[in-house]
Structures are given as structure tokens and as C-alpha cells.
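Student: Have a look at the structure that comes next, please.
The values are calculated or read from the model by the stated rules, or taken from the named source; none is laboratory data. Keep in mind it's a predicted model, so treat the numbers as computed, not measured. As a convention, Cβ positions derive from the backbone with ideal geometry for all residues, glycine included, and neighbour counts pool all protein chains shown.
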Amino acid sequence: MFNVCDNELIKFTFAAFKIVKTSLPVYSCEKSKHEYTQHQLMTLLCLMKRLKLDYRLFTSIIQLIPEIQVLIGLKDISHYTTLQKFFKRIGSNFIDKIMDNTIKLFNIEDLWVVLDGTGHSCDQASLYYIGC
């Protein structure tokens, strides 16, 4: 029998959501739509990077995983551009805070932790068309 608690993606999502909740405010602005929390969006971005998927494919796949939707409190799945726009506006100070909270959560004493953002793109443009 399949046990959802033993699933690695569920464990990863739970840990990411827990860390993000201690690192980011719920909403970026008091006048925002309040449709999705920053916690939900950042957790989805973490999961997307963990699965090594692009924005469009990830939002299509996450619709098929109701356990993750329930775990982070999603009522519906955002359009892929919502995740893109969130990533573009999130400041590096929040990424630093998330890293600090990750280090505290896992009691990492040797602080040789590095983020590699070389493979991340905020858009869907092909490298062929942007001249690389």
C-alpha cells in the first residue's frame, strides 16, 4: 500500500514549506490580491527546481498531485506566469534568509553552503533565440 508520508517529494515539500514560512512574510503587500501566499509560491518554486522542470510543465504536473496542493494549502494552481513574476520580484535578501533558516533547521555547522543559480531562467525563451 502506498504511504504518502514516505514519499520523498512530500517530505521535500513539507521541509521547504516549513523553512519558507519562517523566512518570508505571508504577503508581499497588504494590498495584494491574497490569492496565493508567498509561502506557497516559494515552496512551488523550490519543488520546481528540485524536479528540474520549466514553469509550464511544472504547473501542469502539480495539478495532478493533490497531496502537495493540500499540504501547502492551495485551492487552485496558479498560471505559470504567476511563478515567473514572483521569482522576478523576490529579493535576494529573502533567499539569504531562507538559506540561514535552512542552516539552522538542519544544524549545519560547516557553512560551506552554496546556491547555484546558473541554470535558472525567469522566462521561457530559447537560448538559440537570445543569442547564447
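Student: Among what's in segment 32-89 and is among the β-branched types (Val, Ile, Thr) and touching a residue at least 24 places away in the same chain (Cβ under 8 Å), pick the residue that is nearest to Lys11 (Cα to Cα).
Tutor: Filtering first and then ranking leaves Ile68.
Student: Now a separate question. Among the residues of segment 75-104, write down those that are of a type in the set (A, V, I, L, M, F, W, C) and not in a helix (DSSP H, G or I).
Tutor: The answer is Ile77, Ile90.
Student: Filter segment 3-32 for residues that are part of a helix (DSSP H, G or I) and touching a Ser or Thr at 6+ places or on another chain (Cβ under 7 Å) and give the result. Steps first, please.
Tutor: Taking segment 3-32 first, the residues part of a helix (DSSP H, G or I) are 4-6, 8-23.
Matches in segment 3-32: Thr13, Ala16, Phe17, Ile19, Val20.
Student: Kindly provide the set of residues from segment 27-41 that are hydrophobic (A, V, I, L, M, F, W, C) and modelled with pLDDT under 90, ordered by number.
Tutor: Hit for segment 27-41 is Cys29, nothing else.
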